[in-house]
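Read the structure below first, then the notes.
The values are calculated or read from the model by the stated rules, or taken from the named source; none is laboratory data. All figures in this text were calculated on a predicted structure; none of them were measured in a lab. Positions of Cβ are backbone-derived with ideal geometry, glycine not excepted, and every protein chain shown enters the neighbour counts. Side chains included, ligands, DNA and RNA excluded: accessible areas come from the protein's heavy atoms. Shrake-Rupley method; radii C 1.70, N 1.55, O 1.52, S 1.80 Å.
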Amino acid sequence: MAKPLVATAPFTGCFGCHMSLLDIDERILDLVELVEFDKSPINDIKTFTRPVDVGLLEGGISNDENYEQLKLFRKHCKILISVGQCAITGGVPACRNTVPLKECLEEAYLNGPTVVDGGVLPNDPDIPILLDKVYPCHEVVKIDYFLPGCPPSADTLWAALTALLTGKDVGLPYELIKYD
Amino acid sequence: MSDDYRKVVQEIVAKFGKDRKRLMDIARAVHAKTGHISEEIVGAIADALGCHRVEVRDMTSFYAFFSREPKGATTIRLCNAVVERMKGMDAVANAFEETLGIRFGETTPDGLISLEYTPCIGMSDQAPAALVNGKVLTNIRPEDVKSIVDAVRSGKLHDGGIVSVKSVESNLQQAGPVIFAPFERGAGIRKALSMSPEDVINEMNKARVRGRGGAGFPLAMKWSFCRKAEGEAHYVVCNGDEGEPGTFKDRVILTECPDLMFEGMTIAGYAVGAKQGFFYLRGEYEYLLPYLEQVLAKRRRMGLLGENVCGAEGFDFDIRIQMGAGAYICGEESALIESLEGKRGAPRDRPPFPVQKGYLDRPTSVNNVETLCCAARIMEHGAEWFSSMGTKDSTGTKLLSISGDCQAPGVYEVEYGITVEKVLEMVGATDAQAVQIGGPSGQCIAPKDFGRSICFEDLPTGGSTIIFGKDRDLLACMESFLEFFVEESCGWCAPCRAGTTFLKMQFEKLLQGRGTREDLKKLEETANTVKFMSRCGLGQTAPNPVLTTLRNFPALYEARIQPDDFIPAFDLKEALKEACSITGQKPHDVEV
Ligand SMILES: Cc1cc2nc3c(=O)[nH]c(=O)nc-3n(C[C@H](O)[C@H](O)[C@H](O)COP(=O)(O)O)c2cc1C
Ligand code: SF4
């Protein structure tokens, strides 16, 4: 049987969840035995090459590029997992949801303490356009599983992935999802 | 800051003896003078009290009636509780916006009038209603709005300057033998003083009287725990926060027979060994304060309060009224005690319970207004008389505050055990599709349950009874309840603070006809998480509007859900509009 295919996506997050995935230490060798990576910043594959079994999503959806990528992941992946607080709730980037977008942009690009010589609001046609708010992934596409944590620990990721890939129940022990 | 403010603050703080515990009164008095409590005023209060400004900010930022920014000289607070919406609040709101040329949340350019919404102010039987600088206006019609605004502008509102709008009616529809029967001042107290405190408690035990504020805790047990708990002093608190939407029975007691309640408090003081009682009155009922103070003064003159009450050597007892400032959570007993100590109304961890560590960490018995009235009557007429009424586990009578779609809304004193059917007949409600028993935190029942009876064994209630006629959009009414809990969550614990908002968002999606079967399942999961993970009664009951309608009205939900596997909760085009209008970018083609 072919190895299951895994893809990972960095949306609006801090890459901490990806770091946590690398943090499984030498078990990454076991993981590579178990799975093959398709589109992911880990291997720098930029486009889906074939149907993928599991997509791991980090970060919330804050602009139209995130949106498009998420829809792509939904199209190509059999199972999607929201990994970490930002994918699940919007996380820290969603702090901006309580401030009007205009104020956010003006503070960052016009009035902030690090702005020199006036500044302009970025409007190049090529850069992604911000959404009014940062959205959790499951408000945009159907998500199959949620792995909480900020980031979920390497052990949590390992336990979830191996359970899923070996066809076991994904129920996680309390210690792995308790955060206080 | 102008020195005037500082001076005002210093005078007020001095008037309250520089007592940090009196911060509620201080903040209320300052706010009444300055119209707001800015960061600078916070600093001035802190300086005058000699405490940290964070303590003052923490407290003043909590209550709805304290504004941080200057507001209009007059704030019109239109009540947006569910019954007001049913009775034409929207048209009244529009009339206010049109007449004043501002929206809710705004102030007129001349700085005279601000418009705001406020949750249930205890006038559901006379809806729509509004609070205008402490004065209550009821049964407002859109055509009254102009004269209200004129009266505010000309400063005549408080001299009864408007003819067309009514003030609060007592609206006692049916008096019963316990609360609203004729009453002789001091009769209950003298009887109690002829017995030992233990025997007084024992009489309550024999009467099997239970708390009327919601939880139904046996009164004798509470008093006995409190009496036995050790502490430098003991306190009695009467809970007049009455914040559950749709309830107004305490208002009627306070209008018709506050003496009975003060009598009950005094008996409680004797029973638990307290010298000091507090009556916590919700800010919305400020209009009752002068009258209640008069009643207290009269009782002092008659020797029913003060030193050696009724001539009983060594039994000193007095009562202070503590005003609230617009916070439903302050009805929760430990939050109430925090507020009484001059803090934000966040509930405490329990145990220890207030009877062990309450006000100033000393044993405190907190009881509802109606419960204490029952206690006074039990003293007067005896346990046997009391327990001959009602059912086995729910003795005596219960006050129901009835509003919504019926001919005669108002307060009814009924015997425990009455069926919902009988209640509907009594108030002239012929086409009810549902009845909300116990307010939003209670349950919404369907006609199949109208044969059930109102009592602790079957349908417990604090009294709020809202009737929904057959043409009402029941789920839209539930949405308004959810909104109430979002607003009133104290914010301490995540399941309630965030959970109530999630619940409302998920519910709205279903209501808009954009929910799937999966969404329905998620809604119920969220509701159960909030119910079981929240720290206090507010969060634990906040999902009840959802849970009880899911159980009793499943067809209403079925009718709204879509067959799709998934429907997103947001719309890309809408979500991009704002940025495009700010930066002038054009939406990209999204290819998936
Ligand atoms: C959110 C919340 C609000 C409450 N509001 C009130 C109230 O307005 N009046 C009241 O008497 N009890 C209220 N209670 C119940 C009180 O905590 C307490 O149980 C009651 O005052 C005890 O009095 P009783 O034993 O006479 O019923 C509330 C409880 C919660 C959790
Ligand atoms: S349940 Fe709600 S009201 Fe109660 S402590 Fe938690 S946040 Fe506050």
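Things worth noting here:
- Residues that are within 14 Å of another protein chain (Cβ to nearest Cβ), crowded, with 19+ Cβ neighbours inside 10 Å and either within 9 Å of ligand 2 (Cβ to nearest atom) or among the basic types (Lys, Arg) (or both) within the range B:494-523 comprise B:Pro495, B:Gly499, B:Lys509, listed in sequence order.
- Residue within the range A:118-131 that is outside any loop (DSSP other than H, G, I, E, B) and over 25 Å from A:Pro4 (Cβ atoms) present: yes
- Failed criterion for B:Phe484 (all others in (1) open to solvent by less than 10 Å² (accessible area, probe 1.4 Å); (2) under 18 Å from the mean Cα position of the chain (by Cα) hold): (1)
- Unique match (being out of contact with any Pro (no Cβ under 9 Å at 6 or more places or on another chain), under 28 Å from B:Lys146 (Cβ atoms) and surrounded by fewer than 18 Cβ atoms within 10 Å (Cβ to Cβ)) among B:Asp110, B:Asp4, B:Asp58, B:Asp19: B:Asp110
- Scanning the range B:312-360 for residues that are β-branched (Val, Ile, Thr) and within 16 Å of ligand 2 (Cβ to nearest atom) yields B:Ile329, B:Ile337.
- Scanning the range B:520-564 for residues that are charged (D, E, K, R) and within 16 Å of ligand 1 (Cβ to nearest atom) yields B:Lys531, B:Arg535.
- Test: residue in the range B:524-532 that is within 14 Å of chain A (Cβ to nearest Cβ), without any contact (Cβ under 8 Å) to a residue 60 or more places away in the chain and either crowded, with 19+ Cβ neighbours inside 10 Å or more than 16 Å from ligand 2 (Cβ to nearest atom) (or both): yes
- Only a single criterion out of (1) in a loop (DSSP other than H, G, I, E, B); (2) on the phi < 0 side of the Ramachandran plot; (3) surrounded by fewer than 23 Cβ atoms within 10 Å (Cβ to Cβ) is not satisfied by B:Gln433, namely (1).
- The residues in the range B:558-576 that are open to solvent by 90 Å² or more (accessible area, probe 1.4 Å) and within 7 Å of chain A (Cβ to nearest Cβ) can be counted, and the count is 1.
- Checklist (1) away from chain A (no Cβ under 14 Å); (2) of a type in the set (A, V, I, L, M, F, W, C); (3) without any contact (Cβ under 8 Å) to a residue 40 or more places away in the chain applied to B:Cys580, failing item: (1)
- Strands (runs of 3 or more DSSP E) contained in the range B:72-141 and holding at least 2 residues in contact with a Gly (Cβ under 6 Å, 6 or more places away or on another chain): B:113-118
- The range B:338-370 - residue that is part of a strand (DSSP E or B) and either more than 9 Å from ligand 1 (Cβ to nearest atom) or of a type in the set (S, T, N, Q) (or both) and, of those, farthest from the chain's Cα centre (by Cα): B:Thr364
- Only residues that are crowded, with 22+ Cβ neighbours inside 10 Å and either β-branched (Val, Ile, Thr) or free of Cβ contacts under 8 Å to residues at least 60 places away in the same chain (or both) were counted across the range B:223-244, and they come to 2.
- Residue count for the range B:462-475, restricted to those that are open to solvent by 10 Å² or more (accessible area, probe 1.4 Å) and within 16 Å of ligand 1 (Cβ to nearest atom): 1
A quick yes/no check of all residues on (1) basic (Lys, Arg); (2) in contact with a Leu (Cβ under 9 Å, 6 or more places away or on another chain):
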residue: B:Lys470; (1), (2): yes, no
residue: B:Glu479; (1), (2): no, yes
residue: B:Glu483; (1), (2): no, no
residue: B:Lys504; (1), (2): yes, yes
residue: B:Gln512; (1), (2): no, no
residue: B:Cys536; (1), (2): no, no
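- Filter result for the condition that a residue is open to solvent by 60 Å² or more (accessible area, probe 1.4 Å) and either within 16 Å of ligand 2 (Cβ to nearest atom) or over 19 Å from B:Ala95 (Cβ atoms) (or both), over B:Pro177, B:Pro218: B:Pro177
- B:Thr548, sole failed condition from (1) open to solvent by 70 Å² or more (accessible area, probe 1.4 Å); (2) away from chain A (no Cβ under 14 Å); (3) away from ligand 2 (no atom under 16 Å from the Cβ): (1)
- Residue count for the range A:55-105 satisfying the condition of being more than 10 Å from chain B (Cβ to nearest Cβ), outside any helix (DSSP H, G or I) and open to solvent by 30 Å² or more (accessible area, probe 1.4 Å): 3.
- Test result for A:Lys133, at the interface with another protein chain (Cβ under 10 Å from one of its Cβ atoms) and charged (D, E, K, R): yes
- Some residue of the range B:318-331 being more than 16 Å from ligand 1 (Cβ to nearest atom) and among the charged types (D, E, K, R): yes
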